[in-house]
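Colleague: First, the structure itself, so that you have it in front of you.
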Amino acid sequence: MKLFFITGSKHKFREAERILKEYNVIIGRKDVECEEIRAENCENVALDCLRQLRSEVNEPFFIEDSGLFIKALNGFPGTFSSWVFKKIGNEGILELMRGKEVRDACFVSSIAAWDGKEEAVLRGEVKGYISNKISKEKGFGYDPIFIPEGSRKTFAEDHKTKMMCSHRRRALEKLAKWLRR
Ligand code: IMP
């Protein structure tokens with residue numbers, strides 16, 4: 001089965017391509033716009049997007065919505081992560097976190113998939129902390145300020161760990177299992 005990942009992000013596509021290959025799932029990329037609804041959780045955003053695209057895309061496909069949820073900020077930036085990153089970036093997040101002792105955060109990835117017969121929503125998450133400073137190594141989005149549980153390095157500093165335990169990997173592994181059901 002040819003499966004398409006509909007995403008405007010080359011970064012997300014490369015990551016998904018590498019991970020799904022381990023499960024013998026080969027994907028292609030399509031970039032079709034969908035209008036993201038305002039919602040509190042990534043699952044609803046992803047599912048709404050899937051349903052919008054089902055009338056336009058005839059092959060099996062999936063889309064992904066992700067975000068960073070910071071406890072001390074009541075879940076902000078959450079489903080607005082992409083927009084917030086463009087507006088205030090990691091500097092802005094660290095500014096909001098200044099003086100906060102509770103630095104717990106969670107990355108969430110929600111995949112909504114259509115295999116030609118059924119739809120599914122698959123969620124992956126990774127818990128961690130917001131660092132006190134931006135790590136030097138460049139990385140995707142919030143990677144330079146996110147330290148996964150059990151580590152002392154940010155995702156940007158330790159890409160190997162990110163590839164092993166990321167929210168996206170966890171959601172993609174569930175996708176691979178669902179496709180094999
Ligand atoms: P969306 O899923 O396209 O709405 O974008 C979510 C935003 O969250 C991205 O633009 C990034 O800023 C951020 N994000 C999602 N996943 C990651 C990740 O793995 N590392 C760092 N930032 C991420």
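What follows draws every value from the coordinates through simple rules; no lab data is involved. Since we're looking at a predicted model, the values are computed, not measured. For neighbour counting, all protein chains shown are included, and Cβ atoms are generated from backbone atoms with ideal geometry for every residue, glycine included.
Colleague: Could you work out how much longer the chain between residue 104 and residue 82 gets when fully extended? Use 0.36 nm per residue separation minus the Cα distance between them, nm to one decimal. Spell out each step's value before the answer.
Modeller: Working: separation 22, 0.36 × 22 = 7.92 nm, distance 1.95 nm.
Contour length minus Cα-Cα distance gives 6.0 nm.
Colleague: What is the angle, in °, between the Cα long axis of helix 10-21 and the longest principal axis of the Cα atoms in the chain? Nearest 10 is fine, range 0 to 90.
Modeller: 60 degrees
Colleague: Using a 10 angstrom cutoff on alpha carbons, build the Gaussian network for the chain and name the most mobile of 59, 137, 118.
Modeller: Largest GNM mean-square fluctuation: 118.
Colleague: Also, quick follow-up: Taking neighbour Cβ counts within 10 Å as the exposure measure, how do 163, 97, 1 sort from fewest upward?
Modeller: On the way: 163 14, 97 19, 1 9.
By the 10 Å Cβ count, ascending, the order reads 1, 163, 97.
Colleague: For the chain, with a Gaussian network of springs between Cα atoms less than 10 Å apart, report the residue from 25, 45, 102 with the top mean-square fluctuation.
Modeller: Residue with maximal mean-square fluctuation among 25, 45, 102: 102.
Colleague: Measuring from a point 7 Å past the Cα of residue 2 along Cα-to-C-beta, which residues in the stretch 45-87 have an amide N at less than 16 Å?
Modeller: Residues 57-62 fall inside that zone.
Colleague: A further question follows. Can you sort 178, 83 by how many other beta carbons sit within 10 Å, fewest first?
Modeller: Values: 178 16, 83 11.
Result, fewest neighbours first: 83, 178.
Colleague: Report ³J(HN,Hα) in whole Hz for each residue of the stretch 53-61, in order, from the Karplus equation J = 6.51 cos²θ - 1.76 cosθ + 1.60 where θ = phi - 60°; Gly and Pro get x.
Modeller: Per residue, the Karplus-derived 3J(HN,Hα) values read 7, 4, 7, 9, 10, 8, 8, x, 7 Hz.
Colleague: For the chain, just give the cysteines left without a disulfide-compatible partner, judged by no other Cys Cβ under 4.7 Å.
Modeller: Flagged as lacking a Cys partner: 42, 106, 165.
Colleague: What is the local net charge at residue 1, summed over the other residues whose Cβ is closer than 12 Å to its Cβ (Lys, Arg +1; Asp, Glu -1)?
Modeller: Details: positive: 2, 117, 180; negative: 59, 115.
Once all neighbours under 12 Å are counted, the net charge is +1.
Colleague: Can you tell me the relative contact order of the chain? Whole percent, Cα pairs under 8 Å, sequence separation 6 or more. Could the numbers behind the result be given before it?
Modeller: Details: 342 pairs, mean separation 35.9, N = 181.
20 percent.
Colleague: Find how many whole Å separate the alpha carbon centroid of the stretch 93-127 from the alpha carbon centroid of the stretch 28-81.
Modeller: 11 Å
Colleague: If neighbour count is taken as other Cβ atoms inside 10 Å, put 23, 129 in order from fewest to most. Numbers along the way, then the final one.
Modeller: Working: 23 14, 129 19.
Fewest-to-most ranking of 23, 129: 23, 129.
Colleague: What value, in deg cm²/dmol to 500, does the helix sum -39500 (n - 2.57) over DSSP H runs of n ≥ 4 give at 222 nm once divided by the residues of the chain?
Modeller: Working: 5 runs with 60 residues, N = 181.
When only DSSP H runs of four or more count, the value is -10500 deg cm²/dmol.
Colleague: If you average 1/r across every pair of different Cα atoms in the stretch 2-180 and take the reciprocal, what Kirkwood value do you get, in Å?
Modeller: Value: 16.6 Å, from the Cα pair sum.
Colleague: In the stretch 1-116, what percentage of the DSSP-assigned beta bridges are antiparallel, given to the nearest 5?
Modeller: If I count the DSSP bridges inside the stretch 1-116, around 65 percent turn out antiparallel.
Colleague: Work out how much length residue 140 to residue 18 would gain on full extension: take 0.36 nm times their residue separation and subtract the Cα-Cα distance, in nm to one decimal.
Modeller: Taking residue 140 through residue 18 to full extension adds about 42.3 nm, to one decimal.
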